[in-house]
Amino acid sequence: MRATVAGTAVTLTAGALLTAAMTTATASPPATATTPPGTTASQPVLVDCLWQRTVRPIDFVLACGDGNSRLTGLHWEQWSPDKATAVGVNMVNDCKPYCAAGKFHSYRVTVRLEGTEPWKKHPGVQRYTRMSITYADARPDGFKQVMTYPLWG
């Protein structure tokens, strides 16, 4: 009987420690909320629709309201105070017959970030203000070869 009680106590203690460790890890802010390691504070950031700042993100949501357009697999060739350039894929929902039943299509793109200015939320941080997406080949219906968007700020 004592062995069972001791075993149960050890198991419960281990479970509590594991839970505490996991809670601490998940309570930490996301890594993209600050300037990532290996970068300097003088590098401009890309602000997403959740007001998180990133440097050289791999993915970026363009259609924040419904998620029907996002950049994926971004490989950054340049990230400087003047501009940033990457190649990747734009995943766009065709929304046919409507968005919930639509199909996502991938389009090869080059992404260019330009126009830096202080971020209103953190005036000491420079942020990019404009994104241009150039479609390499095919593009979604109604899109131009080059689409330019203002960025959140």
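The values are calculated or read from the model by the stated rules, or taken from the named source; none is laboratory data. Note that the structure is a prediction, hence the values are computed from the model and not measured. Don't worry about glycine lacking a Cβ; one is built from the backbone with ideal geometry, like all the others, and counts go over all protein chains shown.
Any chance the range 85-104 includes a residue that's hydroxyl-bearing (Ser, Thr, Tyr) and under 27 Å from Trp51 (Cβ atoms)? Yes, the range 85-104 contains a residue that is hydroxyl-bearing (Ser, Thr, Tyr) and under 27 Å from Trp51 (Cβ atoms).
Let's see how each residue does on (1) of a type in the set (Asp, Glu); (2) in a strand (DSSP E or B); (3) touching a residue at least 60 places away in the same chain (Cβ under 8 Å); (4) out of contact with any helix residue (DSSP H, G or I) (no Cβ under 7 Å at 6 or more places or on another chain):
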position	(1), (2), (3), (4)
Ala100	no, no, no, yes
Val109	no, yes, no, yes
Glu114	yes, yes, no, yes
Lys120	no, no, no, yes
Arg127	no, yes, yes, yes
Ala138	no, no, no, yes
Gly142	no, no, no, yes
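Just one of the numbered conditions (1) at pLDDT below 95; (2) within 18 Å of the chain's Cα centre (by Cα); (3) closer than 24 Å to Leu151 by Cα is not true of Ser28; which one? Every listed condition holds for Ser28 apart from (3). Of all residues in the range 113-153, those satisfying the criterion of being basic (Lys, Arg), farther than 21 Å from Val89 by Cα and either within 19 Å of the chain's Cα centre (by Cα) or outside the structural domain of Asn93 (by TED's automatic domain parsing) (or both) are Lys121, Arg127.
Let's see how each residue does on (1) of a type in the set (Lys, Arg); (2) modelled with pLDDT under 95; (3) surrounded by fewer than 17 Cβ atoms within 10 Å (Cβ to Cβ); (4) part of a strand (DSSP E or B):
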site	(1), (2), (3), (4)
Leu46	no, no, no, yes
Trp51	no, yes, yes, no
Pro57	no, no, no, no
Asp66	no, yes, yes, no
Arg70	yes, no, no, yes
His75	no, no, yes, yes
Gln78	no, no, yes, yes
Ala84	no, no, no, yes
